[in-house]
Amino acid sequence: MDAWKRLGGFIGANMPVIVIGCVTAGVLFPHGLAWLKPLVPALFAFMTFQGSLSNTLGQLGGVLRHPAPLLAILGVTLVAMPALAFLLSNAIFAGNTDIVTGILIEYSVPIGIVSFMWVGMFSGDTALGLTAILVSTLVSPITIPLTLKLLMGASIDVDAPAMMLDMTLMIAVPALAGMVVNDLTKGWGCNVLSPVASPLSKMFLMLIIASNSTAMSEYVLHMTWTRLGVVLFVLLFTLSGFAWGALTARILHVSAPAAATMSFDCGLRNISSGVVIAARYFPGEVVFPVMCGTLFQQLLASLVGRAMMRTVGRCDTPRGREERRDERLD
């Protein structure tokens, strides 16, 4: 069992490199990986379930008593960033509906579950982070089709009911199931089941990335200046998400742990869900902007975390631990 967990740790520690390898495999061998596509929804549902085992229904209460940071995170991730992404991409890539749609999907998906890892690593408010992930995940079957319909309108043909059903089965139901299991087992789900399932979840993520990368094979192998522009746009706009979270935290004058959480939650998205949606409902070029995010998110999170250490001093340092102890006493 220790070897199994070490394997999961190795995959997690080397995820940026592994992601590039999976994307490369999908692009170069699209036909060899085609058999994976029917399995993707089930694989993703398992990933969501495993990631939600760290959540409990009880954690909602404390955050909801002081909801301003949570509402700010949801406002930035569900409203402000999708709207801004649409306006900018529509201006820069005017006339290319597929690219605009892909960028909009990229920034309409829920907060990435992986953000909780970064929140914990850099001494953020884990209860706030978990609640934000949970709420954004549970409302995504409604918010994603609604955002696409409101902003893209008649430009695209969205099968909203089918998309909502898929999102519910892949994200909302597994997320609730993970929380309920953790609650009913009094933490066994988080402390025992989740670590055991985590390596398998990471392997499933590799398969999902490789499978979904096949949809953009033709577009990557025939790269254009426009697509290179998409790569640069996604890099800069993803980076801006961390900045929007930090700026919002400053405006609200929240604690340093809450500020770290808001920055990571606004910067990191559940791209796997976006890729699944794009691959299932839209042409291959829509997948391209969404997949670009997988190349940048973890690297940017690492750089942002290091910047926080230097400017805020909130990593796991004696000062950070002392501040958190004082906050708990208050």
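The values are calculated or read from the model by the stated rules, or taken from the named source; none is laboratory data. The shown structure was predicted, so the numbers you read here are calculated from the model rather than taken from an experiment. Heads up, the Cβs are rebuilt from the backbone with ideal geometry, glycines too, and the neighbour counts pull from every protein chain shown. Surface areas here come from the heavy atoms of the whole protein model, side chains and all, with no ligands, DNA or RNA. Shrake-Rupley method; radii C 1.70, N 1.55, O 1.52, S 1.80 Å.
For region 218-256, how many residues are out of contact with any Cys (no Cβ under 8 Å at 6 or more places or on another chain) and either open to solvent by less than 10 Å² (accessible area, probe 1.4 Å) or on the phi > 0 side of the Ramachandran plot (or both)?
3
Among the numbered criteria (1) assigned to a helix (DSSP H, G or I); (2) farther than 21 Å from residue 93 by Cα, which single criterion is violated by residue 254?
(1)
Which of the residues spanning region 99-117 are modelled with pLDDT of 75 or more, of a type outside the set (Ser, Thr, Tyr) and part of a helix (DSSP H, G or I)?
Result: 99, 100, 102, 103, 104, 105, 106.
Does residue 10 satisfy being of a type in the set (Phe, Trp, Tyr) and at pLDDT below 90?
It is true that residue 10 is of a type in the set (Phe, Trp, Tyr) and at pLDDT below 90.
Being open to solvent by 40 Å² or more (accessible area, probe 1.4 Å) and modelled with pLDDT of 75 or more is the filter here; which residues of region 136-157 pass it?
Answer for region 136-157, where residues must be open to solvent by 40 Å² or more (accessible area, probe 1.4 Å) and modelled with pLDDT of 75 or more: 138, 139, 142, 146, 149, 150, 151.
Please tell me if residue 51 is under 20 Å from the mean Cα position of the chain (by Cα) and within 16 Å of residue 134 (Cα to Cα).
Yes.
Take residue 236 and decide whether it is closer than 20 Å to residue 293 by Cβ, at pLDDT 85 or above and assigned to a helix (DSSP H, G or I).
So residue 236 fits the description; yes.
Condition first: of a type in the set (Gly, Ala, Ser) and under 13 Å from residue 216 (Cα atoms). Now tell me which residues in region 7-36 satisfy that.
Residues satisfying the conditions are 25, 26, 34.
Which members of region 276-312 meet the condition of being part of a helix (DSSP H, G or I), within 22 Å of residue 221 (Cβ to Cβ) and touching a Gly at 6+ places or on another chain (Cβ under 9 Å)?
If the condition is that a residue be part of a helix (DSSP H, G or I), within 22 Å of residue 221 (Cβ to Cβ) and touching a Gly at 6+ places or on another chain (Cβ under 9 Å), then 278, 285, 286, 287, 288, 289, 290, 291, 292, 293 are the ones that fit.
Check 132, 91 and return the single one that is in contact with an Asp or Glu (Cβ under 7 Å, 6 or more places away or on another chain) and either touching a residue at least 40 places away in the same chain (Cβ under 8 Å) or assigned to a helix (DSSP H, G or I) (or both).
132
State whether the residues of region 214-227 include one that is farther than 18 Å from residue 299 by Cβ, without any contact (Cβ under 8 Å) to a residue 40 or more places away in the chain and assigned to a helix (DSSP H, G or I). Step through it out loud before you land on a result.
Here is the first cut: in region 214-227, the residues farther than 18 Å from residue 299 by Cβ are 214-227.
Those left that are additionally without any contact (Cβ under 8 Å) to a residue 40 or more places away in the chain: 222-225.
Next, from what is left, pick out any that are assigned to a helix (DSSP H, G or I): 225.
Among the residues of region 214-227, at least one is farther than 18 Å from residue 299 by Cβ, without any contact (Cβ under 8 Å) to a residue 40 or more places away in the chain and assigned to a helix (DSSP H, G or I), which makes the answer yes.
Scan region 264-272 and give yes if some residue there is open to solvent by 30 Å² or more (accessible area, probe 1.4 Å), at pLDDT 75 or above and either closer than 25 Å to residue 71 by Cα or in a loop (DSSP other than H, G, I, E, B) (or both), otherwise no.
Kept after step one, since they are open to solvent by 30 Å² or more (accessible area, probe 1.4 Å), are these residues of region 264-272: none.
Looking through region 264-272, none of the residues is open to solvent by 30 Å² or more (accessible area, probe 1.4 Å), at pLDDT 75 or above and either closer than 25 Å to residue 71 by Cα or in a loop (DSSP other than H, G, I, E, B) (or both).
Search region 80-98 for residues being of a type in the set (A, V, I, L, M) and open to solvent by 20 Å² or more (accessible area, probe 1.4 Å), and hand back the single one that is modelled with the lowest pLDDT.
Looking at the filtered set, the residue picked out is 94.
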